[in-house]
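The structure appears right after this line, and notes come after that.
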Amino acid sequence: MIKEGYTYHHIGLPTSIPRKNEEYNKEWKFYGSGYFESQFGIEWLRIEKESRLPPLIKAVPHIAFVVQDIQTAILGQKVIYGPNSPAEGVTVCFIEVDGAPIEFLQFDKPESEIWPNEHKVIAPVNALGNKEGSTNFSYHHFGICTNSKRKDSIYLEAYKLHCTDHQAHPFGIQWMNYDKECTLPAIVQNIAHVAFQVNDLHKAIENKKVIIEPNSPSKGVLVAFIEENGAPIEFLQIDDNLK
């Protein structure tokens with residue numbers, strides 16, 4: 001659970017492959033794509049070698065949160081880039097926590113006025129769950145794939161996976177190293193994913209591209225993965241009454 005006042009915004013996935021509807025950022029020298037079409041905040045970043053962005057941001061997926069006061073949010077943190085204003089009405093800054101880049105955004109006016117885009121989805125994840133009987137989505141963790149086992153890892157036999165405890169990370173980062181025997185889809189083993197806790201997992205995956213069917217890796221937890229915009233997304237339903 002992240003701090004109160006921090007709202008999930010998007011994940012940034014570095015890529016070297018050109019993608020549909022890319023937009024170029026002249027200041028940071030990268031092509032961004034996917035965010036405006038994504039219900040769950042999936043953004044691909046094709047960053048040029050000449051970009052002034054730190055190597056960590058170029059190489060490692062990041063997660064972004066909207067904060068009320070960016071100066072308060074970065075107090076005592078290891079700042080690796082910013083704060084700066086890429087557009088009028090928004091301030092951004094990157095910090096590093098336990099080897100992972102974290103982005104903060106402070107909006108001083110509606111985001112739709114800052115980055116108007118005809119492709120923007122009507123119901124982003126943070127607007128879901130407002131209607132009676134709808135599925136509620138809340139940010140749970142961000143899983144980043146790594147080729148090495150971290151000393152603080154635990155082993156999940158069900159998935160043949162060595163992973164760190166996301167609950168011990170202030171922003172819910174989980175580092176994941178898969179065994180060669182792992183049979184999960186390649187997209188899950190190779191691409192970082194964002195995970196949301198939901199109140200009804202089966203309803204959450206309706207009309208979605210399911211890549212891992214609902215399963216229970218442990219008592220009281222039901223898990224499924226979908227694919228959106230070329231990235232895996234995890235849903236978890238946590239209920240002690242689940243079998």
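Residues that are of a type in the set (Val, Ile, Thr) and outside any strand (DSSP E or B) were ranked within the stretch 159-197; the one that is nearest to the chain's Cα centre (by Cα) is 191.
Conditions (1) open to solvent by 60 Å² or more (accessible area, probe 1.4 Å); (2) closer than 26 Å to residue 172 by Cα; (3) without any contact (Cβ under 8 Å) to a residue 40 or more places away in the chain, marked per residue:
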{"position": "80", "(1), (2), (3)": "no, yes, yes"}
{"position": "88", "(1), (2), (3)": "yes, no, yes"}
{"position": "94", "(1), (2), (3)": "no, yes, no"}
{"position": "98", "(1), (2), (3)": "yes, yes, no"}
{"position": "103", "(1), (2), (3)": "no, yes, no"}
{"position": "106", "(1), (2), (3)": "no, yes, no"}
{"position": "109", "(1), (2), (3)": "yes, no, yes"}
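Candidates in the stretch 198-243 are the residues that are closer than 14 Å to residue 138 by Cα and within 13 Å of the chain's Cα centre (by Cα); of these, the one that is most open to solvent (accessible area, probe 1.4 Å) is 234. Here the condition is being of a type in the set (Asp, Glu) and either out of contact with any strand residue (DSSP E or B) (no Cβ under 8 Å at 6 or more places or on another chain) or over 27 Å from residue 229 (Cα atoms) (or both); of 50, 111, 43, 103, it holds for 50 alone.
In the set (1) modelled with pLDDT under 95; (2) assigned to a strand (DSSP E or B), residue 203 fails one condition alone, (2).
Among the residues of the stretch 1-36, write down those that are assigned to a loop (DSSP other than H, G, I, E, B), of a type in the set (D, E, K, R) and open to solvent by 90 Å² or more (accessible area, probe 1.4 Å). So that I can check it myself, show each step before the final result.
Taking the stretch 1-36 as the starting set, the residues that turn out to be assigned to a loop (DSSP other than H, G, I, E, B) are 1-6, 15-22, 26-29, 34.
Now restrict to residues that are of a type in the set (D, E, K, R): 3-4, 19-20, 22, 26-27, 29.
Once the filter is applied, which keeps residues that are assigned to a loop (DSSP other than H, G, I, E, B), of a type in the set (D, E, K, R) and open to solvent by 90 Å² or more (accessible area, probe 1.4 Å), the stretch 1-36 yields 3, 4, 20, 26.
Would the stretch 56-64 turn up any residue that is within 17 Å of residue 196 (Cα to Cα), touching a residue at least 24 places away in the same chain (Cβ under 8 Å), among the charged types (D, E, K, R) and open to solvent by 20 Å² or more (accessible area, probe 1.4 Å)? The answer is no; no qualifying residue exists.
The values are calculated or read from the model by the stated rules, or taken from the named source; none is laboratory data. Since the structure is predicted, the reported quantities are computational estimates derived from the model, not experimental observations. Quick reminder, even Gly has a Cβ in these numbers, built from the backbone with ideal geometry, and neighbours come from all protein chains shown. These area figures cover heavy atoms from the full protein model, side chains too; ligands, DNA and RNA do not enter into them. Shrake-Rupley method; radii C 1.70, N 1.55, O 1.52, S 1.80 Å.
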